[in-house]
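What follows is a set of notes on a single structure, which appears directly below.
Nothing in this text is a laboratory measurement; each read-out follows from the coordinates by a stated rule. Bear in mind the structure is a predicted one, so any value in this text is a computation, not a measurement. Cβ placement follows ideal geometry from the backbone for every residue including glycine, while neighbour counts extend to all protein chains displayed.
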C-alpha cells in the first residue's frame, strides 16, 4: 500500500468524523445508534432478572371438595390441611373457588390453571391402613392456549401442590408404619420372654431326660443279667425235657405191665371169692380165715382195678409232662430271644435318652440365642419407637437433605442470561449501524474498493466501542454480577468490535445482499449458540451450526469473564473469534474488489424502483 493509498484512507476517515459533528441531526442519530443496542440488552436482562420470583401475582385456582374421613376415632381432612398450607405459600396467588368456578375460569382464561381436590381424597389416603389401599388423585386443569410460559409456571404450581400432598401422604404412611413398629417391638419383647421361658423348660426337661437315661442304663444292666439267667435256665429246661421224654416211655411200658398184673390179680380174687363162701363155714378159726381171704380177694380186686387206673393215669401224666417239658423248652428258647431283644431295647433306650438330652440342650441353647436376638431387636425398636412423633414427622417429610454445592454461583437469573443478551445486542447494534450508515461503494469516486473499505472501517469500529461502553455502563447500573471487571470490559469491547467488522465487511462487500446475510446470521444465532437453552436439547440443525457461529464464542468470552473464568475455555474461544473476524476481513476485501461494481449496479436498480 503506497503513500497515496494511505492518504486516501486518512481522508475518508477525516471526512467521516467531520460529517458526524457538522450536522446536529446526524449527531443525534449517531447517539441514538450508540444507545439503542444497549437498550436491547438491558431491557431484556431486566425483564429476566428474577422471573420465577414474581409468580406471586400468577393466579392459580383451587377447588377443595374433600369430605374427610375418620381413623382411630379421629377426623382427618387432608384437603383442608392442604388448603391451609397453600394459604401460607406465597409462590403463587392461590384462589380458592368452587369446582364450577374453577372449570369456567380456566376455560375463559381468567385462571391459567387450577387443581380440583376430589371428595374421596382423605378416604383414599387413609385406605393405606386397610387391605384394599386406593390411590389418591388430584385433577390438574390448565389452559395451554392462554400463555405458553404461564402454562409452564402453573406446572410448577401444580407440582407444589402435588409435592405438599405427597409429603403429607408419606408422613401419614410412615407414622402409621411407626405405630406398627411399636406393636412389633412389643410383640418381639413378648416373644423373647416366651422363648426364654421355653428354653428354661427345655433345660429342665433335659435334666429329667438325663435322670431317666441313668435309670434306663441301670435297667439295661439288670436286663442283661436276667437275660443271662434266662438263657441258663432255658438250657437246663431243654436238658430236663429230654430226660422227661425218656421217663415217659418207661412209664408207658410199666403201665402196660401193671395193667396186665392187675388183670391177673382181679381174676384170682374173683376165683377166691367164688370158691369159698364164709357164710357156709361154722364159726371158728376156719370161718375167720375164709372171711379174711374173701376180704383180701375183694381188696385185691379193687387194688387191681385201681392199679389199672393208676397205670392209665401215669401214662397220661407222662404224656402231659412230656408236653409241658417240650413247651417249657420252646418257652425257654423264646425267653432267650426275648432276653436278647430286651438287652437291645435297653441299649437303644440309653442311646435315645442320650440323644434326647443332647437335642434338649441344643434346643434350649437355640431358644436362648433367639430370645437374646429378639430382645436386642426389641431394644433397637424401642429406641426407634421412643422418638418424638413431631420430629419423626419432620424426618419423614424430608428423610434426605440435599446439600447443594454451587460452582460459579450466580445471585440472580438476569446475570445468568446477560452474556447472551449482551452479545446479541452487540450484533444487533452492528447491524443497525451498518444499515443506518450504509457502507459506500467505490464506484463513481476516486477511491479504490480497498481504500473505501479500509477508510470507512474506523468510524464503524469507534461506533462499536461506544456501543459496548454504553451497554457496560447500563449493566453496571443494573447491578449484574461480574466476577472479573477488567476482563469482562475487555471481552465485551472486543466482541462488539469483531461483530461490527464482520457485519461491515459483509455489507461493504456485497451491499444489500450483505444485509440479508447479517439478518440471517442473527436469526440462526438466537437458537444455535446455546445462550439460553443448552445446545444439546436443540434440533440437530442448530447443533450442527453451533461451532460455526461467531456468537457461540462471543458468549463464551462474556460468560467466562463475567461469571468465573476458566482459562482453558476462554483462550480457545478468543482465538476462534479473532480468527473468524480476520477471515471475514480477508474474504470481504477480495470479494469487494471483484463485486463492488455489480453491487453498485444492483443497489441503483433497487433505488430506481422507488421501494428501496
Quiz item: Computed from the mean reciprocal separation of all distinct C-alpha pairs, what Kirkwood hydrodynamic radius does region 54-173 have, in Å?
Solution: 14.8
Quiz item: So for 529, 579, fewest C-beta neighbours within 10 Å to most, what's the order?
Solution: 579, 529
Quiz item: Ranking 427, 49 by Cβ neighbours within 10 Å, fewest first, what do you get?
Solution: 49, 427
Quiz prompt | Cβ-derived FRET efficiency at R0 35 Å, residue 22 paired with residue 569, nearest 0.05 | solution = 0.15
Self-check item: Full-stretch length increase - residue 490, residue 128 - with 0.36 nm per residue and alpha-carbon distance subtracted
Solution: 124.0 nm
Quiz item: How do 491, 127 rank when sorted from fewest to most other Cβ atoms within 10 Å of their own Cβ?
Solution: 127, 491
